[in-house]
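Every read-out reported here was derived from the displayed coordinates using simple, explicitly stated rules and does not represent laboratory data. Not measured: the values here are computed from a predicted model. Quick reminder, even Gly has a Cβ in these numbers, built from the backbone with ideal geometry, and neighbours come from all protein chains shown.
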Amino acid sequence: MLFNSLHFLIFFPFIVLIYFTIPHKYRWILLLIGSYYFYMSWKAEYAILIMIATLASYFFALQIDKTESILKKRLFLALSLSICLGILFFFKYFNFVSESVREFLNLFSVQFNSPILGVLLPVGISFYTFQIVGYTLDVYYKRIKPERHLGIFAVFVSFFPQLVAGPIERASSLIPQFFEKHHFDYKRVTDGIKLMMWGFFLKVVIADRLAILTNQVFNNVYNYTGLPLIIASYFFGYQVYCDFAGYSFIAIGAAQVMGYKLTENFKRPFFSKSFSEVWRRWHISLMNWFRNYIFFPLAFKKGANKFRLYYATVIVFFVSGLWHGAGWNFILWGLLCAFYIVISRLTSNLRGKITNMIGLSKYPTAHNFLKILITFHLWIIAAIVFRINSLQDGVYVFTHLFKNLTFMIKGLPLGLDSIGLIIAVVFIGLTEVIQLIQEKRPIRSYLSTKPTYIRWILSLGLFFSILLFGVFEGTQFVYFQF
């Protein structure tokens, strides 16, 4: 079930209405049934995978907590992780590894008929797997006690607002909220709905409109040179942000309507002044997961030093690349992100000296703008690697970005006509203005100072913008493939 579908627009109010009607002690049952229905609307059989992962992590977490033997704790942890990560590997990476082995052996003229499985990737498997793994590790390291209520734990794993594309929640934050009694609160509910509308605006008005052009160009890169490739590259950078941030805002808003607080997942990443800062603003819940469960253990296991920090950074982004998709372009994308961050740290002192030498440090506004501009374009380069369908396509794009460069694109099939391009650019600009305001002051705080009629006009304007300019073709969210 897609958020941007009529199905969800019927499902969600129905769940909310029942949620606030029934007694608190039965609400976990409603959420569990609703969440499984939400997930099974894609492919019912894949609900079995969530059940297996849920039961395995629930049982082994209890065993980890109960036993005093370090050896047994490690055994139960290994069994839990093997089941959950094994399911993820089988459905997401088996074909990729098999094909990669075949291609590698072919380099040495060794014939290998690699087995290819005809299975579809279960929606959201990377998200709920990481959430479960984080829970099990937290129990193992005694950060939390295991949840003994199987039903509540099952809701934690399958909670429908964030089930298929996050935010990835920690058990210590989300599970206690299922025991709290949430009352209907007009302000909280309306704020949640407004957040959902903002998410729908980003998704159907901007992301899905940009997707028309980016899909046309990137799926047929050899038909284009110069300006169309440049436009598609910039548009995809915004598309993937508006698509994923849009999902996160809808998820956080939907949870807020019912009284639950999910982790902020995006914090205006295009205002970042360094690539490290990008990852403190982009997909925050995932990067927090990597920081807590991979980076810190690797970087500080035997004391901190620069080599271990760089090593941990490379490993984190290598895993991040694999997490995003079973393809060499995703691995290359992850390593490129690591390269940006490592080089940034290695050259920090040198860049500071150059800045002082040329006098740029005397103009902090201009200096910050330059850093934002450079960081944004590094992101666009990485976004191209992320989007390409093959490494060969990537080589073509980067070698033809400025070839036959002309500012005339008339006659080229870009998917969007001139009106569509103008609408896209105008709404991107509007989004940036809103985020600039948000960067200086929380938008809700800013709007709270305005008269009621102004707030109503803005809310209705957002609503009708979605209706008038939205692309309603049930386009799947980009991160559903992960």
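Before moving on, here are some points about what is shown:
- Potential lengthening of the chain between residue 390 and residue 300 amounts to 28.8 nm, from the contour at 0.36 nm per residue minus the alpha-carbon distance.
- HN-Hα J in Hz across segment 141-154 - Karplus 6.51, -1.76, 1.60, θ = phi - 60°, x for Gly and Pro: 8, 6, 7, 9, 8, x, 7, 8, 7, 4, x, 5, 5, 5
- Here is the list for segment 139-245: chymotrypsin sites (Phe, Trp or Tyr not before Pro) lying in DSSP coil, each with at most 15 other C-beta atoms within 10 angstrom of its C-beta, are 141, 179, 184.
- Extension gain for the segment residue 24 to residue 402, taken as residue separation times 0.36 nm less the Cα-Cα distance, is 130.0 nm to one decimal.
- Unit charges at the beta carbon, dipole of the chain: most positive-side option, 100, 69, 379: 69
- Between residue 417 and residue 344, the modelled labels are 4.2 nm apart [label points 7 Å from Cα along Cα→Cβ].
- Segment 201-481 - charge dipole about Cα centre, Lys and Arg +1 at Cβ, Asp and Glu -1, debye rounded to 20: 1300 debye
- Residue pairs, from the table 43/73; 72/145; 187/440; 66/92, whose Cα atoms sit over 26 Å apart: 43/73; 66/92
- Under 18 Å of direct C-alpha separation, and excluding same-chain neighbours fewer than eight residues apart, residue 301 reaches these lysines: 142.
- Hull-based mean projected area of segment 21-182, where the convex hull spans the alpha carbons, in square nanometres: 11.7 nm²
- Charge tally for residue 374 (other residues, Cβ to Cβ under 15 Å; Lys, Arg +1; Asp, Glu -1): +2.
- Whichever lysines have a C-alpha closer than 18 Å to that of residue 25, once near sequence neighbours (fewer than 8 apart) are set aside: 181
- Approximating the spin labels as points 7 Å out from Cα along Cα→Cβ, the residue 66-to-residue 467 distance works out to 5.7 nm.
- Derived scalar couplings ³J(HN,Hα) [segment 160-166; Karplus, 6.51 cos²θ - 1.76 cosθ + 1.60; whole Hz; x for Gly, Pro]: 4, x, 10, 5, 9, 8, x
- Stretched out straight at 0.36 nm per residue, the stretch from residue 143 to residue 369 would grow longer than its current Cα-Cα span by 77.2 nm.
- Chymotrypsin sites (Phe, Trp or Tyr not before Pro) restricted to DSSP loop in segment 271-362 with at most 15 other C-beta within 10 Å: 300
- Less than 5 angstrom separates the built amide H of residue 168 from those of 285, 286, all sequence-distant by 5 or more or on a different chain.
- The reciprocal of the average 1/r between distinct C-alpha atoms defines the Kirkwood hydrodynamic radius, which for the chain equals 24.5 Å.
- A simple rule links phi to the HN-Hα coupling: the Karplus curve 6.51 cos²θ - 1.76 cosθ + 1.60 with θ = phi - 60°, which for segment 308-319 gives 5, 5, 5, 4, 5, 4, 4, 4, 4, 7, 5, 5 Hz, with x for Gly and Pro.
- FRET efficiency, residue 441 to residue 180 (Cβ-Cβ, R0 30 Å, nearest 0.05): 0.50
- For segment 25-114, GluC sites (Glu not before Pro) are listed when DSSP marks them as loop and at most 11 other Cβ atoms sit within 10 Å of their Cβ; the list is 68.
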